[in-house]
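See below for the structure under consideration.
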Amino acid sequence: MRMQSILTLTDFSSQAEHGLDRAAALAAAHGAQLRILYACETPPLQLSDPVARLEQRARQLARRHGVVVSTIAGTGRLLEDCLTEAARADLLVAHGRMYRAGSVLPWRQLLGQLLRRSPCPVLVVQRPWLGAYARVLVSVDFCAASRPLVRYAGDLEAGAALELFHAIDTHDEARLRSAEASIAAVQAYRREVQQYAQQQLYRLSDVFDARRNRVGTLIGRGDAVRHLTVQQERMGADLVVLGQERRSWLMEMVRGSVPRKLLAGGLQSDLLVVPHDYLTTASQAARPAREAGQLPA
């Protein structure tokens, strides 16, 4: 993964400061440029000159982290500004304060729309920056984007221990039971699905040959959101990583959104949401370089 530009959003709240520090630290680790956009849905009355404050904060971050930092005032069209600038970035860093459960329709909130529409991955920072991520929990569903998702998560913080997690969908098993299948048939199906999940996780864990001993695997059954929350707390993960398909706001309203449910459920770690189409595009772009020996396989 080559990260050249990171976009971060701030409204100068304490939660936004966590996002700024995390974004600056990632920019320093990857040798990327950091760009800061003033993004406040309800501008504070006491802030008379947000542009001057933005430039001051940029200078502070540049000195503290040793990175190149530039500022973006925006046009006042908040969502359009965010999406336009995200199209020029490799990572968008937002902050947890941007999600407000119960205040407005979640898929109409700025963060909800960015999670659904951003052309690049979105990192939602909820914790103060205390150093590099040490433990990362990656949720995989074995689709075509799973392998590049694992690689992306590993490359984001090279020194972190990775735990790959898959939640087995139990709907087919429930249909077997409703069709009055025998207990033996249900148990055989369960063993087959479990074995398949273990094989797939093992193959995904082989993405990093040099760090294989730092890639673990976990399997759950049923609701992915509940299991991810439990596993994050159990392993003390600093970051949870998800891949996500593009959906319309109507589909999100009907089927819900795993990132939104995690945020609403009080996830205690940071959350990274990576669009599937971003992963497949990046993987295809990297393939010629790997074949030419310029990137590791």
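The values are calculated or read from the model by the stated rules, or taken from the named source; none is laboratory data. Computed from a predicted structure; not experimentally measured. Cβ placement follows ideal geometry from the backbone for every residue including glycine, while neighbour counts extend to all protein chains displayed. To get the accessible areas, we keep the full protein, side chains included, count just its heavy atoms, and leave off ligands, DNA and RNA. Shrake-Rupley method; radii C 1.70, N 1.55, O 1.52, S 1.80 Å.
Values as computed for the structure displayed
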| quantity | calculated |
| --- | --- |
| Region 75-186 - accessible surface per residue (Å², probe 1.4 Å) | 44 |
| Summed side-chain charge close to Val241 - residues other than Val241 whose Cβ falls under 12 Å, Lys, Arg +1, Asp, Glu -1 | -3 |
| Difference of contour (0.36 nm per residue) and Cα-Cα distance, Val68 to Arg117 | 14.9 nm |
| Estimated vicinal HN-Hα couplings, Hz - region 225-232 in sequence order (Karplus 6.51, -1.76, 1.60; Gly, Pro = x) | 4, 4, 5, 4, 4, 5, 5, 4 |
| Highest to lowest packing among 166-174, 179-187, scored as the average C-beta count within 10 Å | 166-174, 179-187 |
